1. Name every residue in the range 308-351 that is of a type in the set (Val, Ile, Thr) and crowded, with 24+ Cβ neighbours inside 10 Å, in order of residue number.
2. Determine if the range 303-316 includes at least one residue that is more than 18 Å from Ala394 (Cβ to Cβ), more than 15 Å from the ligand (Cβ to nearest atom) and out of contact with any Lys or Arg (no Cβ under 8 Å at 6 or more places or on another chain).
3. Just need a number here: residues in the range 47-64 that are within 16 Å of the ligand (Cβ to nearest atom) and either part of a helix (DSSP H, G or I) or at positive phi (or both).
4. Could you run through the range 254-270 and say how many residues are aliphatic (A, V, I, L, M) and either crowded, with 21+ Cβ neighbours inside 10 Å or away from the ligand (no atom under 16 Å from the Cβ) (or both)?
5. Of everything in the range 178-208, what is among the basic types (Lys, Arg) and either more than 11 Å from the ligand (Cβ to nearest atom) or assigned to a loop (DSSP other than H, G, I, E, B) (or both)? Give them in sequence order.
6. Is it the case that Arg166 is in contact with an Asp or Glu (Cβ under 8 Å, 6 or more places away or on another chain), of a type in the set (Lys, Arg) and within 13 Å of the ligand (Cβ to nearest atom)?
7. If Arg297 meets every condition in (1) outside the structural domain of Val73 (by TED's automatic domain parsing); (2) touching a residue at least 12 places away in the same chain (Cβ under 8 Å); (3) more than 14 Å from the ligand (Cβ to nearest atom); (4) more than 29 Å from Arg44 (Cα to Cα) apart from one, which number is that one?
8. Please work out which residue is farthest from the ligand (Cβ to nearest atom), limiting yourself to the range 231-253 and to residues that are under 13 Å from Leu298 (Cα atoms) and in a helix (DSSP H, G or I).
Amino acid sequence: MSAPVLTELPTGLDDLSVWPASTARLPDGDLSVGGVSLADMADRFDTPTYVLDEDEVRARCRAYRATFPDTDVLYAAKAFLSRAMVRWIDEEGLGLDVCSAGELELAVLAGFPAERMVLHGNAKSPRDIETALRLGVGRIILDSPSEIARIAALVGSDGRQKVMVRVVPGVSAGGHEKIRTGTDGQKFGLSLTDGSAQHAVARVLGQPQLELSGLHCHIGSQITDVRPYLVAARRMVGLMARVKESHGVTFPELDMGGGHGVAYRPGETALDLTSLARRLSRELSSSCAAAGLPVPRLAIEPGRAIAAPAGVALYRVLAVKHTGSTVFVAVDGGMSDNPRPALYGARYAPRLIGRSATAEPVAATVVGRHCEAGDVLAADVLLPGDVRPGDLLAVPVSGAYQLSMASAYNLVGRPPVVAVHDGSARLLVRRETQEDFRRRDIGA
Ligand code: LLP
């Protein structure tokens, strides 16, 4: 991910462009999201706390449906899932992409119809598959040759399960090496280049318990350029044409996965969804026409682009330390609630809230409270020079892959999630407590 551009600031200190649309400035340096003061929420729910703007989530779902009208939009639950989130996704008419029995069961428990879900996983456990079949998941995405016969056997002789084959189209895209999944040499999918994808298709077609509705690919995450999707789509149609040639079968569906990139800091670009919709549809029409194939129904699986911009993380400053030329601002959370900077070098734009600050900005490094030097939340950011213990910091674009990847490191406890909407706040997920830790630790 790119280096900090300190020269753009200090004007950037007051830039709200990556914040939820509902964000408003309040007196005394406070901000409101969803009509609720962030400083009040820090007082009421303590810190760290994650705030989720319900209207922002819903607006993003609606924007997807409007931009991709003839496409199945499946929210990728791994970005963030809770019962309320499931309900919002359902009410907005999206489907769900789940990748474990846990996500699947939570969604069903919250009332989401299993037939509008797809199940992913490069290594599906017996429990994942049993749960998917028992609850009637819409499609299972096959990711390895060994699961073909295994799933077919579990479906039973009078059942029939819709499946798709996950293909690696040989396209490199994504915001970091660890989240690029479009090329060979990583664990997901079946290669187009070495023939494994085509071989898997042939094996699935030989299983009467499996109905192969189409192909799937997911080339990576935090992608901000449309072109890799177009190349991938063209190659997927190429494979569909070969399948038609060899087996006389045309697939009614094509799932192009997720990966749609967002801006984490002012000035960064997000994937242009309007352009993706237009150019992908054009690419599919022309490639299919050239191959003599009907255009399949498209599915997409955005996670981050729906959840990330709706979330704001709130921390309280515990310590400020000047070491050499660096100002370390230590907060009461860190890599246990947001491992993304440590894992992917992700960069954020924290902001002081809750008091007006007139001091000249200084370059600071916001660190967490965990016992390792890599626990950095935001390096080289500008904060008011008088930042001090007791101050509140708010980090926008915190709604995806933070809490869903949170850990119990140092037994700090995972933060709560508070939904805001129309001037009121309600707790969706409570804070993890010492009592929770004690209850799991049952050995003498
Ligand atoms: N579909 C499949 C099959 C996926 O594996 C993923 C994400 C998605 C859809 C949704 O991708 P999105 O639209 O959210 O980019 N923990 C990393 C991201 C890992 C993404 C894993 N798969 C991060 O924090 O950046």
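1. Val312, Val329, Val331
2. The answer is no; no qualifying residue exists.
3. So the answer is 6.
4. Counting residues in the range 254-270 that are aliphatic (A, V, I, L, M) and either crowded, with 21+ Cβ neighbours inside 10 Å or away from the ligand (no atom under 16 Å from the Cβ) (or both) gives 3.
5. The answer is Lys187, Arg203.
6. Taking the combined requirement at face value, the residue satisfies it.
7. That leaves (1) as the condition not met.
8. Of everything passing the filter in the range 231-253, Val237 is farthest from the ligand (Cβ to nearest atom).
The values are calculated or read from the model by the stated rules, or taken from the named source; none is laboratory data. No experiment lies behind these values; they were computed from the predicted model shown. Cβ atoms come from the backbone with ideal geometry, glycine included; neighbour counts cover every protein chain shown.
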